[in-house]
């Protein structure tokens, strides 16, 4: 038994004392001299497969979509309002007019959601801008989950409709609330 241990134990120490490479350190082992190996093509981190183009990119066949990947419900609009007020209103204002608090403090004014050029954009455009940023606006992909980005887009649509709805098209009880009569 002692003879076996004398033969086996030196091998264990060789493994524990072997060369260790740090990421991005040069290596003589591989032909490209890199210690870190490239990921195989098509590798996707667990939990990060984004195979639904409509949901994750706001597009259908590469074009911005004007449909939602989920039902637009009152609770979705309420969630969108809460997220919009948190993340969007500092710049875009509570009404979507581009007169948020930071604009009042001297920062550049973003476009109003009620201008014709912005209002006519497909809803997928708003999801894309929230995801990837645009101009001075940075990406909110790491701060706002994708479902909430869609909720924000739905709320932006509701804001746009609210500013252009003819009084006569409102239900009578809402007309009375607006006019006070």
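The values are calculated or read from the model by the stated rules, or taken from the named source; none is laboratory data. All figures in this text were calculated on a predicted structure; none of them were measured in a lab. Virtual Cβ from ideal backbone geometry, glycine too; neighbours counted across all protein chains shown.
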Mind counting the residues in region 103-124 that are surrounded by fewer than 20 Cβ atoms within 10 Å (Cβ to Cβ) and within 19 Å of the chain's Cα centre (by Cα)? 3
Answer residue from region 57-76, given it is buried (at least 18 other Cβ atoms within 10 Å of the Cβ) and in a helix (DSSP H, G or I) and is modelled with the highest pLDDT among those: 76
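Picking from 24, 39, which residue would you name as being at pLDDT below 85, more than 30 Å from residue 157 (Cβ to Cβ) and out of contact with any helix residue (DSSP H, G or I) (no Cβ under 7 Å at 6 or more places or on another chain)? Let's see the steps before the verdict.
Details: 39 fails: at pLDDT below 85.
After applying the criteria, what remains is 24.
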Condition met for residue 90 (at negative phi, modelled with pLDDT of 95 or more and touching a strand residue (DSSP E or B) at 6+ places or on another chain (Cβ under 6 Å)): no
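Would you point out the residue of region 77-97, among those that are more than 18 Å from residue 55 (Cα to Cα) and touching a helix residue (DSSP H, G or I) at 6+ places or on another chain (Cβ under 6 Å), that is surrounded by the fewest Cβ atoms within 10 Å (Cβ to Cβ)? Walk me through it before giving the result.
Within region 77-97, the first condition is being more than 18 Å from residue 55 (Cα to Cα), and the residues that meet it are 78, 81-82, 84-97.
Among the residues that remain, those that are also touching a helix residue (DSSP H, G or I) at 6+ places or on another chain (Cβ under 6 Å) are: 81, 84, 90-91, 96.
Numbers: 81: 18, 84: 23, 90: 15, 91: 18, 96: 25.
Per the criteria, the residue is 90.
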What about residue 112, is it in a loop (DSSP other than H, G, I, E, B), within 24 Å of residue 56 (Cα to Cα) and in contact (Cβ under 8 Å) with a residue 12 or more places away in the chain? no
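Just the residues that are surrounded by 13 or more Cβ atoms within 10 Å (Cβ to Cβ) and either more than 35 Å from the chain's Cα centre (by Cα) or at pLDDT 95 or above (or both), please, taken from region 161-181. Before you say what the answer is, go through the steps one by one.
Step one: of region 161-181, the residues surrounded by 13 or more Cβ atoms within 10 Å (Cβ to Cβ) are 163, 170, 175.
Once the filter is applied, which keeps residues that are surrounded by 13 or more Cβ atoms within 10 Å (Cβ to Cβ) and either more than 35 Å from the chain's Cα centre (by Cα) or at pLDDT 95 or above (or both), region 161-181 yields only 175.
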Hey, residue 50 hits all of (1) modelled with pLDDT of 85 or more; (2) within 30 Å of residue 152 (Cα to Cα); (3) surrounded by 10 or more Cβ atoms within 10 Å (Cβ to Cβ) but one; which does it fall short on? (1)
